[in-house]
Structures are given as C-alpha cells and as structure tokens.
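Asks: Take a look at the following structure, please.
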Amino acid sequence: PQLANQIAAGEVVERPASVVKELVENSLDAGADVIEIDIEKGGSKLIRVRDNGSGIPEQELVLALSRHATSKIADLDDLEAISSLGFRGEALASISSVSRLTLTSRTHDQSAAWQATAAGRDMHVDVRPAAHPVGTSIEVLDLFFNTPARRKFLRTDKTEFSHIDELVKRLALSRYDVTWQLTHNGQPVRRLKAADSAEQRQKRVAALCGRAFSEHAAFIENQYGDVRIWGWIVQPEACSAQLQCQYSYVNGRMMRDKLLNHAIRQAYGEHLLADQQPAFVLYLELDPRQVDVNVHPAKHEVRFHQARLIHDFVVSALTDALHQLTP
Ligand code: ADP
Ligand code: MG
C-alpha cells in the first residue's frame, strides 16, 4: 500500500505548495476560520498547518492517514481513473508516504488531543495523547526525504516559498471570512484578519495586491438575472507590468479561465497599450447548475453552459465600469 501511496504522491505532491494546498483545503472542509501556516526552508524542512476546525476523533486518526490507499489503486486502469479524479481521499496518505508527518487533533467533545505520526514507506502509525486546542495541526517534515529524485527537483527555498505565498494570496482572496497567518523561517509574512465589512475586504486586497493596485482600483458590481460580478479593476492608464494582480473566481473558486480572460481583455480593449496587462480581482457568481467546475481540476478551467451570455455580460459590465473610470 505504501508504494501505491508514493505513486499517488507523485500526482498530489508536486512541490511544497501542493502540500499546503491539500492541508489548507482540509482545514477549510473542517470549517476552520483561523488557519496558520508555518514554513521552514521553502517547505522542504517544515510545513505546518494549524486550524481551529472540527478536529479528527481519536479513532479516526489512523483512517485519515490511510484512507482509500489500497482499494483505489488495484491496477493501471484504476490508476488512470484516479488521476482524472484528482486522487480524492488520498492526500494525507500520499503526503505521509514522502515525508515525516505528525497529525495532532482534538474535537470539541474530547478533553484531550491525540497525535499520530507516520513516516515514509514503512508507515507505522503511532497514536498517543497530546496537548492541542480544538482543531488540527499537521506537521510535514523533510518532504521527499525518501524520494531523492523528487527532492532534487525542488527549487531554491525562495522559489518554493514564493509558490506557497502565491497560493495563500489566492486563498485569502477567496475566503475573506478566514483569518490567515503565514510565516517563513519564523518571520511573519502575512497576517490577515477575517474581513467582514466592505472596507476590511478592500484592506485585504490592498495588503495582498499592493498599494499601487489599491490606489488605482475601483470597486465594481453588476448583475444580470442571477449572474453577478463584483470586485476591483484597475483603471487602464495605471496598468503596468509591476501591477501583477490578476485573480478571477467563479463561485468562490480561483480560475484561470480562457473565456473570462478573453472577456476581461476585450473590455480593456483599446484602453491598453501593447505592454500593459489588465489588473483585477473579480468574482463571478452564478447558479452552480450553470457551470461545470470539474472539467480540469488542475487547470482551473470551467465550462459555462451559457458561455456566450456569460462572456457578453462580463464584457459589458467591465466596459461600463471602465467607461466611468476613464475620462
Ligand atoms: P479527503 O480530504 O479527500 O477526504 P485527505 O487525505 O485530504 O482526503 O484527508 C483525509 C481525511 O482526514 C479527511 O476526509 C478528513 O476526515 C480528515 N482530515 C484531514 N485534515 C483534516 C483537518 N484539518 N480537520 C479535520 N479533519 C481532517
Ligand atoms: Mg483533502
């Protein structure tokens, strides 16, 4: 089973940022609204994600680390099926197969926490009592320590950390209701308190996208039937290479969607010179039945059932807004 886990790990764990992504998604699934991420040496030494979510009951700790591992990968056909599904239920098993993992957790009805550790291919999950508030901490030490070929592919600490920071940025722009904290080698890098007013959300955007962005960005909001777009766009004359902030979300999920990007570019159209890039943080909200998000879990693409309508709505909403921004 550990070999299967390591094969799965190749899909799930490309680099430290992929570990952070899986751990944070679990924290969000557990209803956490405070998520603290500590990184050492770009994540190759330590990745720790601590949350205040629902926690994992003692009797499920072992299961959490081993779930689906054997039953899913029976033969090559299975492997293909799983890789197209994105290895659901595999993340912790996969990560622990290529690191030294410690899981500490406490549920609200437990008076004490429990801790489980697992390391590498010869996984002996070992459960013992521990101290921890309600919620979960997962510590991933020495990523790829037992897969030297993968470890060699890690880039510099700085590069690996920048991938993590970018991920945290994207997440923080999708979940304003969560308090985020990110440290690297003991130094605080991001500290974002949960934002529940328009003003606080704007502050978060300023903190994440920079002062230049927030000084030249205008809030926009538009609706057509049950399709709604809101967010911030930067006035064209302020768009520059330094203003790298291009984030779009569909029903709360970060997307790099061709249709959306096309619509945004079209709206900016002749306002932009050849070397200028639009800068925006935009949220599109629509009936979930009008969109397929599972087309390509890794590619961040969606399929809109009424593609033409969505495209034209985005173009016209942004064109109107830009019109008001440019004299
Ligand atoms: P999946 O998230 O697809 O179920 P994972 O391997 O990522 O698979 O996690 C396995 C299980 O461990 C989850 O289904 C969940 O029950 C539990 N779990 C993992 N992380 C957390 C967390 N931070 N808080 C609560 N439960 C968690
Ligand atoms: Mg998961």
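The values are calculated or read from the model by the stated rules, or taken from the named source; none is laboratory data. Keep in mind that this is a model prediction, so the values were computed, not measured. Cβ atoms come from the backbone with ideal geometry, glycine included; neighbour counts cover every protein chain shown. Ligands, DNA and RNA are excluded from the accessible area calculation, which covers all protein heavy atoms including side chains. Shrake-Rupley method; radii C 1.70, N 1.55, O 1.52, S 1.80 Å.
Asks: Given GLN181, PHE144, PHE280, which one lies farthest toward the positive end of the charge dipole of the chain, if we put +1 on the Cβ of every Lys and Arg and -1 on the Cβ of every Asp and Glu?
Replies: Going by the Cα projections, it comes out as PHE144.
Asks: Mind checking the log10 I(q)/I(0) for the range 9-56 at q = 0.16, 0.26, 0.28 Å⁻¹? Debye, one equal scatterer per Cα, no solvent, two decimals.
Replies: Log10 of I(q)/I(0), two decimals: -0.44, -0.94, -1.01.
Asks: Here's something else I'd like to know. For THR104, what charge total do you get from the other residues with a beta carbon under 12 Å from its beta carbon, if Lys and Arg give +1 and Asp and Glu give -1?
Replies: That sum, taken over residues with Cβ under 12 Å, equals +1.
Asks: Another question, if that's okay. Using a simple charge model, +1 on the beta-carbon of Lys and Arg, -1 on the beta-carbon of Asp and Glu, nothing else, what dipole does the range 163-249 show about its Cα centre, in debye to the nearest 20?
Replies: 320 debye
Asks: At 7 Å along Cα-to-Cβ for each site, give me the label-to-label distance between TRP230 and ASN251 in nm.
Replies: Here the modelled spin labels are 1.8 nm apart.
Asks: Could you state, as a whole-number percent, how many of the C-alpha pairs of the range 148-223 are farther apart than 21 Å?
Replies: More than 21 Å apart: 39 percent of the Cα pairs in the range 148-223.
Asks: Say the cut-off is 29 Å between C-alpha atoms; which of LYS41/LYS193; LYS21/LYS203; LYS21/LYS258; LYS45/LYS169; LYS21/LYS41; LYS41/LYS258 go over it?
Replies: On the way: LYS41/LYS193 25 Å; LYS21/LYS203 24 Å; LYS21/LYS258 23 Å; LYS45/LYS169 22 Å; LYS21/LYS41 17 Å; LYS41/LYS258 35 Å.
Over 29 Å apart, Cα to Cα: LYS41/LYS258.
Asks: Just the accessible area per residue of the chain, please: how many Å² with a 1.4 Å probe?
Replies: Values: 16420 Å² over 327 residues.
Heavy-atom SASA per residue in the chain reads 50 Å².
Asks: Turning to a different aspect of this structure: Go through 35-41, 126-132, 212-218 and give me the packing order, highest mean Cβ count within 10 Å leading.
Replies: Sorting 35-41, 126-132, 212-218 by mean packing, highest first, produces 35-41, 212-218, 126-132.
Asks: Relative contact order of the range 176-306, please, whole-number percent, based on alpha carbon pairs below 8 angstrom and at least 6 residues apart.
Replies: Reported as a whole number, the value is 21 percent.
Asks: Where does helix 2-12 land angle-wise versus the long Cα axis of the chain, in degrees 0 to 90, nearest 10?
Replies: Between the helix axis and the principal axis of the chain, the angle is about 10 degrees.
Asks: At a threshold of 8 angstrom on Cα-Cα distance, excluding pairs fewer than six apart, so keeping six or more, what relative contact order does the chain reach in percent? Each step should come with its number before you reach the end.
Replies: Details: 623 pairs, mean separation 48.4, N = 327.
Dividing the mean separation by the residue count of the chain yields 15 percent.
Asks: Given +1 on the Cβ of Lys and Arg, -1 on the Cβ of Asp and Glu, and no further charges, what dipole in debye does the chain carry about its Cα centre, rounded to the nearest 20?
Replies: Computed charge dipole of the chain: roughly 740 debye.
Asks: A further question follows. For THR156 and ASP287, what is the calculated FRET efficiency with R₀ set at 35 Å and r taken between the beta-carbons, to the nearest 0.05?
Replies: The pair THR156/ASP287 has a calculated efficiency of 0.20.
Asks: Once both labels are modelled 7 Å past Cα along the beta-carbon direction, what's the LYS203-ASP109 spacing in nm?
Replies: Distance between the two pseudo-spin positions: 3.8 nm.
Asks: Per q in 0.09, 0.17, 0.21 Å⁻¹, report the Debye log10 I(q)/I(0) for the range 120-273, using one uniform scatterer on each alpha carbon and no solvent.
Replies: For the requested q values the scattering log ratios are -0.45, -1.18, -1.52.
Asks: So which aspartates and glutamates pass the test for LYS152, namely a Cα distance under 16 Å, with those fewer than 8 places away in the same chain ruled out?
Replies: GLU14, ASP142, GLU160
Asks: Give, as a single signed number, the net charge of other residues whose beta carbon lies under 10 Å from the beta carbon of THR183, with Lys and Arg counted +1 and Asp and Glu -1.
Replies: So the surrounding residues net to 0.
Asks: Using only protein heavy atoms and a 1.4 Å probe, report how much of TYR176 is accessible, in Å² to the nearest 10.
Replies: 20 Å²
Asks: If you don't mind, there's one more thing I want to ask. Which angle between 0 and 90 degrees, to the nearest 10, do you get for helix 16-29 versus the longest principal axis of the chain when only C-alpha atoms count?
Replies: 90 degrees
Asks: How large is log10 I(q)/I(0) at q = 0.09, 0.14 Å⁻¹ when the Debye formula is applied to the Cα atoms of the chain, each weighted equally and without solvent?
Replies: Here the Debye-derived log intensity ratios amount to -0.54, -1.15.
Asks: Determine the relative contact order of the range 165-245: mean sequence separation of Cα pairs under 8 Å and six or more apart, normalised by residue count, in whole percent.
Replies: Normalised by residue count, the contact order of the range 165-245 is 18 percent.
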